[in-house]
Every structure is written in C-alpha cells, then in structure tokens.
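First the structure, in the form of structure tokens, and then the observations on it.
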Amino acid sequence: DVALAAARDSIQAFPGEPGAWGMLAQVSGEQSALPELIYAERTRLLALMPGTSVPALVDAACAEPPPNAGAVMQVAEELAARAVHMDGSNPQDRIKRELSWAAPLLKSAALKSGATAPDTAGIVAACALVYNTAQMWPETEAACAEALPNAAPDAQATLHLLHSNALAQLSRKDEALAAAREAVQNAPGRMDAQWNLAQRLTETGRDKESAFVYKMLIQQLPNTAPQYGRIAQEYARVLQQLQTSAPGASP
C-alpha cells in the first residue's frame, strides 16, 4: 500500500514528530482501527531502530495497559499547547493534518485508564482547544458540549467561550449568544469573553446591548493594546447601525 509505505518512511525519518504518525490516520480509514495500527508501527519501528524515542501521545494512544489519567492529561495539554503555538504557513491545515488525529485517541485512552468524569472532561477540553485552533468547528462544538457538564470551575469560562465561537461559526446564533453570556458570567473580568459577547450580540441584532459592552471594553483597554483597533472598528460599526436604524434617521 502506497499510503502505508509513505507513512512508514515518514515515521522512520521523523519518529519524534506527531505529524509523521498522523499519516497513519489516512491509512486506517476507521478511527477505531487507528490505535492498533499505531501500536503495530511502533512495534515495527522499535524492532528496526531500538531505543528510538517516539512522541508521548503515541504511547498514550496505544499503550496496553493504558497509562494513568494524569499521564493522559499531561499529553493532552502538551498537544493543545503545540496546536496553539503552531506557526508557519497555513497553521490550521497543519494542525488538522499533524495533531487533530490524536484527540479522539486521547479521550479513548482516558476512558480506558479509568479516569474520573472531571479528569476526562479536562482531557476533552484540551482536545476542544486543538479543534478550535484548527478551525474544526463541528468537532470543537461537540467537544465543548461534552466537557462542560463535568469541567472544573476555572475551565468553564474558556469552554463556554470556545463553544460560543464554534456555534457562531456554525450559524447557530442564539445558542452562540447563550454560551457567550455563560462565559462572561463565569469570568466577568475577561476581556476576550466580553468581546465575544459583544460580537454575538451584534450578530443577533441586539445593537444597544452590544454597544454598551463595546463601550465598556474601550474604556477598559489601553489604546496601545493589540486588539484595541479592531474592537474600536467593530464598536463604530455598531454605533453607525444604531444611528441608521433610529427613528427619523435619513434613509
């Protein structure tokens, strides 16, 4: 098989790169078959190249017995950090190709390890961040919805924020607004949560409330903040819309 041969060549050349192992996802076809395929290729690689170091997520995905929940959590957090800091051209495409394949395997490893519901929620939340960074909106929405009921309190605002953004991208505007309100309620001091709420209010035609939130943001942010210019532009558009729709406004 050409695809399998290409994946093996890549793994042998770059055994420490998750993206090389991710090529196996294109070979397996079915997600359920991927752990067994990874295990087989890991065994093959170590027989050919004893002592070779492979990514921790490879071990977490196919180890028998599975690693403990803490180890899976650490791998999931490292995967999310790698996604967030992905650079170069087309980072979203690279994350999809090189990292996203590991997310469902880490959830499966967590379940096999006997992780508690809060621990599993933390692992799924890390996967949601990977999906969000890759702009994989259906996967982000599903992961957030799964993680939220058992997520730690300090993680809920971020999950609601990711959920809101994904729902907005999927044109589920009312649900996106509800999630945005939850994010602000959980973390009222977070600028990104307030900004997301202002955008969701605008999208649902609630311009007066949106203008109020934007005004607070502008007052809180120094004009040297990286986001200031974009927020100011969005605020100006909302004010223009309010002026245009006011009674007696010129057509």
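The values are calculated or read from the model by the stated rules, or taken from the named source; none is laboratory data. As the structure is a prediction and not an experimental result, all values here were calculated from the model. FYI the Cβ positions are ideal-geometry reconstructions off the backbone, even for glycines, and counts take in every protein chain you see. Areas reflect the complete protein model, heavy atoms only, side chains present, ligands, DNA and RNA absent. Shrake-Rupley method; radii C 1.70, N 1.55, O 1.52, S 1.80 Å.
What's the carbon and sulfur percent of the chain's accessible surface, probe 1.4 angstrom, rounded to a whole number?
Carbon and sulfur: 53 percent of the exposed surface of the chain.
Mean shadow of the chain, computed from the convex hull of its alpha carbons, in nm²?
Projected over every direction and averaged, the Cα hull of the chain covers 16.8 nm².
If the only charges are +1 at each Lys and Arg Cβ and -1 at each Asp and Glu Cβ, what is the size of the charge dipole of the chain around the Cα centre, to the nearest 20 debye?
680 debye
Where does each of 223-236, 14-27 land if you order them by average Cβ count within 10 Å, highest first?
Ranking, from highest mean packing down: 14-27, 223-236.
In whole Hz, with x marking every Gly and Pro, tabulate ³J(HN,Hα) for segment 140-151 from phi via Karplus 6.51 cos²θ - 1.76 cosθ + 1.60, θ = phi - 60°.
Couplings: 4, 4, 5, 5, 5, 4, 6, 7, 4, x, 10, 6 Hz.
Check each of the trypsin sites (Lys or Arg not before Pro) in segment 127-189 and keep only those in coil by DSSP with at most 14 other C-beta atoms within 10 angstrom; list them in order.
Answer by residue number: there is no such site.
Where does each of 85-96, 191-202, 37-48, 70-81 land if you order them by average Cβ count within 10 Å, highest first?
Highest to lowest by the protection proxy: 191-202, 70-81, 37-48, 85-96.
Stokes-Einstein D for segment 15-109 at 10 °C, 1.306 mPa s, Kirkwood Rh over Cα pairs, in µm²/s?
Details: Rh = 13.6 Å.
Estimated diffusion coefficient is 117 µm²/s.
Give, rounded to the nearest 20 debye, the magnitude of the charge dipole that segment 170-251 has about its Cα centre when Lys and Arg contribute +1 at Cβ and Asp and Glu contribute -1 at Cβ.
80 debye
Heavy-atom accessible area per residue, the chain, 1.4 Å probe: how many Å²? Present the calculation step by step, with values, prior to reporting the outcome.
Numbers: 12880 Å² over 251 residues.
In whole numbers, the chain has 51 Å² accessible per residue.
Among Cys62, Ala236, Ala142, flag the residue with its Cα farthest along the positive direction of the charge dipole of the chain, charges on Cβ as +1 for Lys/Arg and -1 for Asp/Glu.
Ala236
Could you sort out which of Lys112/Lys173; Lys96/Lys208; Lys96/Lys173 sit more than 27 Å apart by Cα distance in this structure?
Lys112/Lys173; Lys96/Lys208
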